[in-house]
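The values are calculated or read from the model by the stated rules, or taken from the named source; none is laboratory data. All of these numbers come straight from a predicted model, not from anything done at the bench. So basically every Cβ, Gly included, is an ideal-geometry build from the backbone, and we count neighbours across all protein chains shown. Ligands, DNA and RNA are stripped out before the accessible areas are found, and what is left, the full protein with its side chains, is counted by its heavy atoms. Shrake-Rupley method; radii C 1.70, N 1.55, O 1.52, S 1.80 Å.
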Amino acid sequence: MSVFTKVDTEQLATFLTRFDRGELVEHRGIAAGIENTNYFVTTTGGHFVLTLFENHGADELPFFLDLMAYLAEHDIPTAHPVPTRDGAYLTELNGKPAALVQRLTGASLDHPDPAACGEIGRTLARFHRISADFPEYRAPDRDLGWAEDVARQLHSKATDDELELLDDEIAFQQDQSRADLPRGAIHADLFRDNALFDNGELTGIIDLYYACTDVFAYDLAVTLNDWCVDEQGQSRAAERDALLAGYLAERPFTEAEQAAWPGLLRAAALRFWVSRMQDQYFPRAGEMTYIKDPTPFRRILEAHRAAGTATGEWIETNQPAQVR
């Protein structure tokens, strides 16, 4: 389980007095996620998720919570933060910044079918159209500069073949420009476990705590790399095509996005491969932690490198006719 900070019943009961949501009934840790401490919380007033932020300072957290509220208020299925009695979304528990948000119904899909992929593609495109007008800004914290810094640390730990691939891909990404690509607030971590479905209907996009201001097409690439690949890192064509078709129907790519797409798929795979290698070689202390295997994202990166421009050609062929 990915619970870094223990919260006991007495602490939580006292914490909940800051909100107008009733008294504590029960709480339990959530296994998914590796960055924050999360608990399911049930009170006499409803069902919620409590997050204690392990790696973010209180100064940067309003961006996430304000974005969640903004999206929910514009009919994107996200968990609206619960305000305290004083109207604040952000508070503190056990020495950590903390927030209470609505718990959405549904469950994540381990093996999404093309219909689910199409729905997540359409919803992500609507997310991007709406978030383009979100007024707040947050710089990406897992950008290429971050990857370069981690790569330097990994040179004392990683294997020779890992370092060869890592250095070569970073050199490639240094030559890729994103200057002309549409951008705004993105999710940046829309994996299968961050989307909830109930009877085939998408009921929630959750865990926006990597959200930042960055390129929309990169956000789509992050999503595709989790939703539409097999265990060997190869694209599952039906799911990939459904995801992209759903997205493009709502927000077609610009010509610059079409050209950048193959490199963005590689950048998205690199980001999670590097992150998981960092966790593997430099694990953090925690009461209960789960380190995810970096190997799948290495395979995804290698598959995108081998595919070359094929995925970009698919985008060009399948754009809505009016924008080709």
**Relative contact order, percent, the range 53-204 [alpha-carbon distance under 8 Å, six or more residues apart]** = 31 percent
**Exposure of R192 as accessible area (Å², to 10), given a probe of 1.4 Å and all protein chains** = 70 Å²
**Item:** the chain - percent of accessible surface contributed by carbon and sulfur, probe 1.4 Å
**Value:** 46 percent
**Message:** Relative contact order for the range 143-210: what percent, with Cα pairs under 8 Å and sequence separation of 6 or more?
**Reply:** 21 percent
**Prompt:** Distance in nm between label sites at F40 and A132, each 7 Å beyond Cα in the beta-carbon direction?
**Reply:** 3.8 nm
**Message:** Per DSSP helix of 4 or more residues, -39500 (n - 2.57); summed, then divided by the residues of the chain. What does that give at 222 nm, rounded to the nearest 500?
**Reply:** -14000 deg cm²/dmol
**Item:** All lysines inside 22 Å of K157 as judged from Cα atoms, apart from same-chain residues fewer than 8 positions distant
**Value:** K292
**Request:** Enumerate the lysines that K6 could reach by cross-link, defined here as Cα to Cα under 18 Å, with residues fewer than 8 away along the same chain left out.
**Result:** K96
**Asked** Once amide H atoms are built 1.01 Å from N in the peptide plane, which residues 5 or more positions from T203, or in another chain, come under 5 Å H to H?
**Response** L196, F197, D198
**Asked** For the chain, what relative contact order do you get, as a whole percent, if you take Cα pairs closer than 8 Å and at least 6 residues apart?
**Response** 18 percent
**Asked** Which GluC sites (Glu not before Pro) in the range 143-239 pass both tests, a DSSP loop state and at most 15 other beta-carbon atoms within 10 Å?
**Response** E231
**Complete:** Under 5 Å from the placed amide H of H80, counting only residues 5+ away or on other chains, we find Q102
**Fill in**
Expressed in square angstrom to the nearest 10, the accessible area of T9 with a 1.4 Å probe stands at 80 Å²
**Prompt:** Percent antiparallel among DSSP beta bridges with both residues in the chain, to the nearest 5?
**Reply:** 95 percent
**Request:** Under a 10 Å cutoff between Cα atoms, tell me which one of A242, A306, A132 has the largest fluctuation in the Gaussian network model of the chain.
**Result:** A306
**Asked** Where does helix 295-307 land angle-wise versus the long Cα axis of the chain, in degrees 0 to 90, nearest 10?
**Response** 30 degrees
**Message:** Let me test this: with uniform point scatterers at the alpha carbons of the chain, what is the Debye-based log₁₀ I(q)/I(0) at q = 0.07, 0.08, 0.15 1/Å?
**Reply:** -0.28, -0.37, -1.30
**Prompt:** Quick one: Karplus J couplings for the range 249-266, per residue in order, coefficients 6.51, -1.76, 1.60, θ = phi - 60°, nearest Hz, x for Gly and Pro?
**Reply:** 5, 9, 8, x, 6, 7, 4, 5, 5, 4, 5, 7, 4, x, x, 5, 4, 5
**Item:** In order through the range 73-88: 3J(HN,Hα) via Karplus (6.51 cos²θ - 1.76 cosθ + 1.60), integer Hz, x for Gly, Pro
**Value:** 6, 10, 6, 8, x, 10, 7, 6, x, 8, x, 5, 4, 8, x, 9
**Fill in**
Applied in sequence order to the range 164-176, the curve 6.51 cos²θ - 1.76 cosθ + 1.60 (Karplus, θ = phi - 60°) yields integer Hz couplings, x standing for Gly and Pro, of 4, 5, 4, 5, 5, 5, 4, 4, 4, 5, 5, 8, 9
**Prompt:** Which residues' amide hydrogens lie under 5 Å from the amide hydrogen of E54, considering only partners 5 or more residues apart or on another chain, with H built in the peptide plane?
**Reply:** T37
**Asked** Where nothing but the Cβ of Lys and Arg (+1) and of Asp and Glu (-1) is charged, how large is the charge dipole of the chain around its Cα centre, in debye to the nearest 20?
**Response** 340 debye
**Prompt:** If ligands, DNA and RNA are left out, what is the accessible area of E26 with a 1.4 Å probe, given in Å² to the nearest 10?
**Reply:** 110 Å²
**Asked** How far apart, in nm, are two points set 7 Å out from the Cα along the Cα-to-Cβ line at H74 and at Q234?
**Response** 4.0 nm
**Prompt:** Kirkwood Rh over Cα pairs of the range 1-99 into Stokes-Einstein at 20 °C, 1.002 mPa s: D in µm²/s?
**Reply:** 154 µm²/s
**Fill in**
Checking Q232, Q258, Q11 against a Gaussian network model of the chain (alpha-carbon springs below 10 Å), the top fluctuating residue turns out to be Q11
